[in-house]
Every structure is written in structure tokens, then in C-alpha cells.
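Worksheet: one structure, shown below.
The values are calculated or read from the model by the stated rules, or taken from the named source; none is laboratory data. Everything numeric here is computed off the predicted structure, so don't read it as measured data. Cβ sites come from the backbone with ideal geometry, for glycine too, and all protein chains shown count toward neighbours.
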Ligand code: OXD
Ligand code: MN
């Protein structure tokens, strides 16, 4: 078998070594051409791996179903394999690299037999740019190839940019038996290597995304002096044409895609305000020559959650998903060969297959048992091209990225966090990021949700020790002469009946406007124990059915709740271990002292 399929001997030798283990029938280089992609799509449809949808309603769109035991990222089977356990830290699962290579080699052995090996050369960020990092993913799945073609920049030009360098991330993926008990998503940051086996689900197998652009990249960023973050990037255009950029980190399923593609309310639109999307999930950030922090979205598409996406929540995402898109695990409407998901509209199809491919009866839908009764899986996805997004920023392909004015952290908190507050310094902002948390909706009526600490929304994605990661944040702050201001938002505050108080979605623009006004020094704020909070009058509520008193309530800080939170934060820091920077303990002590006054 010819394994010399590139001009790079490091690539060829690695392919040969992997091929010896997985034993493919042939090796196919993915060249990024339309002809090759068309032929792979046709092949996937002929085997049932994909279903071609109604091409009039959904041009270029396809449906794929994963195995029913393989529908989400698997954090408990995700490992950081550093030679020293302490370098992976307490929050990550760790395996000794030698042991892991040996264990997984057995699972990979012969796993491609009878199937081709697809070699995908891809770039995270614009090929040839200062931000760009290259990877090669080997896979036995056409679905993976077609998703990678949307999510990353793939093609021969990546190999040309790599030249004869050994500096690429080696990713090996095999579906093997899709055995959940033998599923492993393993990262070897010291070897620039990712091994994924026994899964066919996006976040586990599209290796450019979480595995490379967050876990491996965060490790590289620390080594090289930049940051890889779980952040959307958006630009707010002012009526005079100026655009200010914000990056924001929220835990998974807290509305990053919706915020990134926000449509401002009428009162802003009529004045000429617009919001442009640069990215919805990942930001790579570097200090520019001008002393500002510059960001790119290293991805080339969106891997968005389908349920809940609709004309109100995110018309831009809906439009983007209506062409050249791969839908995964959504409901298949057999009457018109289109797709449907919970929250799309109030018309579930009567003649449909559910995400498992079984005949679906929408009248049996039970909110308490979504996985078994819904048409679309709660984690069903659309893989859509950034260039098809109506609000994609004209800076999306700019190799320099965009200058960031504000960093925003956020979580889902029923009571504790106010609608918005601002840190008093970069160090305090790092502290705010480190204590980020989100509440799961509690099953028992009336019970408060379970709080999961998710620092910087990176809990599942830091490729090294969390304490070291916070030190890296503090160090970065020292090198950014003109650092972004750091904020925290909470769209999810509820009243005593558990209803959300803030309308969210497009109206979040009102909070972004305050944030940017603060960055420009255009508005005052109230100093509270947790940071700067807006004067209620400074949140624009014109056109909203909300009173100033409600805004006051949304902005209130309950000292008792915060003191309870401090105790929980202390416990979490202890869990993170002995590499938590002293500066963060100082911030915690100072917060407690201010609250106790
Ligand atoms: C996530 C995602 O799980 O982006 O965060 O898919
Ligand atoms: Mn994400």
C-alpha cells in the first residue's frame, strides 16, 4: 500500500505507522475539492450513512444518525495523557501516555480492515496566517470527512503551508465497534497527538474542534504565550460604522451560538446598530503589536445544537442551517423529506422518524423523558458553513483577527449572579472567570439547581492543570498593555415561581451596549462587593415590558448567597489543588471581607 501520499516525510512516516496498526484497504488523501466531496456524499448516501434531504427546501443538506449509545461528548472517557500526572491536574482524567498508547493500540488493531483510511489535512485559522496551526486527521468515517470539510479549512494548500515541517497535530480516529465501554478520547499534548476510538459523534471525532482547538491548543498557548478559549466572538457595529468586538465564554448549552448571531431589538436597529458573528464556540487570542488582545475563530463552520433553534431564538442560525448542512440525530419528516426538532415550531410532523430512525408519535412526547420520546435528540446538531451565515463578520477570514474590547463570562444562575457586573481589574476578572458556575435545572419542583463549577467554561477543555491555566491567565494580563475589560452576565435569573425575568435573546444587546459603554468610559457604575454593577437607569429598557424596579432586582447582590458561594468556591479551589495561584485566594479573601462589611 502506498503510504507516501504527501511530500512531507514526517506525515508519510506517521501515516505508514498508523496504517500498519489499523490496516485499511486503501489510503485516500482528502484534497478539499468539490468533486471529491460530491463523490463521498454520493457514496455515503448509497450505504445509508447519510440521507439526502429535499434539495429544493434544503439545498446541499443531508441527515446522519449516530449509534444510539453515541450521542454526546464523553467527559468521563476523555483523558489528558501527560508524562506527569500532576501536569494534567485534578480536574482532568489522566492516563500514563505509554499505558494509553498500548491500551488503545489494541482497540485500533485492524479496526479499518475492509475500509479506506481518509487522510484529512486541515488548518485551524486562515491557512498561512500567524494564528494558523495545522492538523492531519486519519479516519475511517466519511461522515467525519464531510463534517471536517465544513468545520475546518481542508485541502492540499494546508500541506503546502506545512511544507516539510513536523509541526502538525496527529489525530487518529477509528469508529471500531462504537463500544461505549471501550470509548476513549485521549490527548497527548507532549506529542501533539490525539487518539479517538469507538465513537462517531461530533465532539469526540471532529478532532479539530474540542480536542485540538481547545485541549491541545490551550497547552500550546501556555507554552507559546497565547490563549485558546471556549468563547464566541461578535462585533457590535455602531451607527457611525465603528465596530467593537466582544468575546464571551459560557458553558455548553448556555446560548453562545444565539448570542454570537444576535439580532438587536428594533430600537437599536432603527438607529443603525448591527451585530456581526466572528465565531460561536472557540477563540484563539494573541497580544498584538498595538498592545491589544486580538482574536480569531479558528473554525470554519458551526456545530450547533438544533433543539430550541427557531425564528425567535436565532433566525440567523436557522437560515445558515438551511443549505450545505449536515444534520445529526434530528427528526426526519417523511412527508416532505425535511427535518424537524423540538422548539423549531409548534407543528411536529405526523409522519416522521425519530432520531433513532424509528417511527415517531409526537403525541407521546414527554418532557421528563426527552431522550426516549422526542423526535430529535436533545443534543442533535447542525453542521453549517460560516460563509452561509447572513451575519458573518467581514473580518471572519481576516488573518489578523479582531481587537477585543471586552471579555464576558456567563453562567446559568437562578439567584446569585446579577444580570451584569464588571471586574475591577484583569486579576479580579480572572478570579470571576475561575469561579464561573452554571446550575442544572433541578428535577424536584422548587429545588435549587445543582451548581457545577465551570471556570472560563473550560472545565472539560483545558489540556493541563487548571491552577496552571489560571496562572497563565494572570500572566497574559501582565503582557497586554491595553487589556480588554472583563465582565460577567447572567441571562437566567428567575423569579420566585422559577420564571426567567430577563427576556434574553436579541434583548441581550441592551446589556452588550452597557458593557461597551463601560469600555469607552461613557457610563458610571455602582461599586458593590462583587464588582461594578450598572445603575438601573443605564440599562436601556425602552420598548420592553419591564419596569425599572425589575431591573433593580436583576442587578441586586444578595450578600448571604454570595457568602455561601464563597464557601463553595473555597472547596472547589481545594479540589483544583495546590497550583491555584495565590492571587486568586487573595481575591477570594478580599471578596469575603467586602461581603462581610
Ligand atoms: C460543546 C459544543 O459541547 O460546542 O461545548 O459542542
Ligand atoms: Mn462548545
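Return a yes/no flag: does segment 118-128 have any residue that is out of contact with any helix residue (DSSP H, G or I) (no Cβ under 8 Å at 6 or more places or on another chain) and either modelled with pLDDT under 95 or surrounded by fewer than 23 Cβ atoms within 10 Å (Cβ to Cβ) (or both). Break it down stepwise before answering.
Going through segment 118-128, the residues out of contact with any helix residue (DSSP H, G or I) (no Cβ under 8 Å at 6 or more places or on another chain) turn out to be 125-126.
Cutting the leftovers down to either modelled with pLDDT under 95 or surrounded by fewer than 23 Cβ atoms within 10 Å (Cβ to Cβ) (or both) gives us 126.
For segment 118-128, residues out of contact with any helix residue (DSSP H, G or I) (no Cβ under 8 Å at 6 or more places or on another chain) and either modelled with pLDDT under 95 or surrounded by fewer than 23 Cβ atoms within 10 Å (Cβ to Cβ) (or both): present.
Note on segment 267-284: among residues that are away from ligand 2 (no atom under 16 Å from the Cβ) and within 20 Å of residue 394 (Cβ to Cβ), the one that is surrounded by the fewest Cβ atoms within 10 Å (Cβ to Cβ) is 272. Against the criterion of being over 26 Å from residue 241 (Cα atoms), within 16 Å of ligand 1 (Cβ to nearest atom) and touching a residue at least 40 places away in the same chain (Cβ under 8 Å), residue 320 does not qualify. Scanning segment 46-74 for residues that are under 17 Å from residue 303 (Cβ atoms) and part of a loop (DSSP other than H, G, I, E, B) yields 50, 60, 61, 65, 66, 70, 71, 72, 73, 74.
Listed here are the helices (runs of 4 or more DSSP H) enclosed by segment 490-597 that have at least 3 residues being at pLDDT 95 or above and under 29 Å from residue 316 (Cβ atoms): 509-519, 548-554. The residues in segment 51-90 that are away from ligand 1 (no atom under 16 Å from the Cβ), in contact (Cβ under 8 Å) with a residue 40 or more places away in the chain and over 30 Å from residue 38 (Cβ atoms) can be counted, and the count is 11.
If you scan segment 248-297, which residues turn out to be assigned to a loop (DSSP other than H, G, I, E, B) and within 13 Å of ligand 1 (Cβ to nearest atom)? Passing the criteria: 250, 251, 252, 253, 254, 255, 280, 281, 282, 297.
State yes or no: is residue 355 touching a strand residue (DSSP E or B) at 6+ places or on another chain (Cβ under 7 Å), over 25 Å from residue 257 (Cβ atoms) and surrounded by 21 or more Cβ atoms within 10 Å (Cβ to Cβ)? Against the criterion (touching a strand residue (DSSP E or B) at 6+ places or on another chain (Cβ under 7 Å), over 25 Å from residue 257 (Cβ atoms) and surrounded by 21 or more Cβ atoms within 10 Å (Cβ to Cβ)), residue 355 does not qualify. Limited to segment 1-45, what total is found for residues that are in contact with a strand residue (DSSP E or B) (Cβ under 6 Å, 6 or more places away or on another chain), outside any helix (DSSP H, G or I) and within 26 Å of residue 67 (Cα to Cα)? Going through segment 1-45 one residue at a time, the tally reaches 4. Taken as a whole, segment 523-534 holds no residue that is within 21 Å of residue 263 (Cα to Cα) and under 31 Å from the mean Cα position of the chain (by Cα). For segment 188-233, a residue qualifies if it is free of Cβ contacts under 8 Å to residues at least 60 places away in the same chain, within 14 Å of ligand 1 (Cβ to nearest atom) and within 21 Å of residue 69 (Cα to Cα), and exactly one does: 211. Once segment 453-471 is narrowed to residues that are assigned to a helix (DSSP H, G or I) and under 21 Å from residue 411 (Cβ atoms), the residue that is farthest from ligand 2 (Cβ to nearest atom) is 467. Can you name the residue in segment 472-489 that is touching a strand residue (DSSP E or B) at 6+ places or on another chain (Cβ under 6 Å) and part of a loop (DSSP other than H, G, I, E, B) and, of all such residues, is farthest from residue 405 (Cα to Cα)? This residue is 480.
Considering only segment 457-465, I want to know if a residue exists there that is away from ligand 1 (no atom under 16 Å from the Cβ) and either crowded, with 21+ Cβ neighbours inside 10 Å or more than 21 Å from the chain's Cα centre (by Cα) (or both).
Initial filter on segment 457-465 (away from ligand 1 (no atom under 16 Å from the Cβ)): 464-465.
Subset that is either crowded, with 21+ Cβ neighbours inside 10 Å or more than 21 Å from the chain's Cα centre (by Cα) (or both): 464-465.
Yes.
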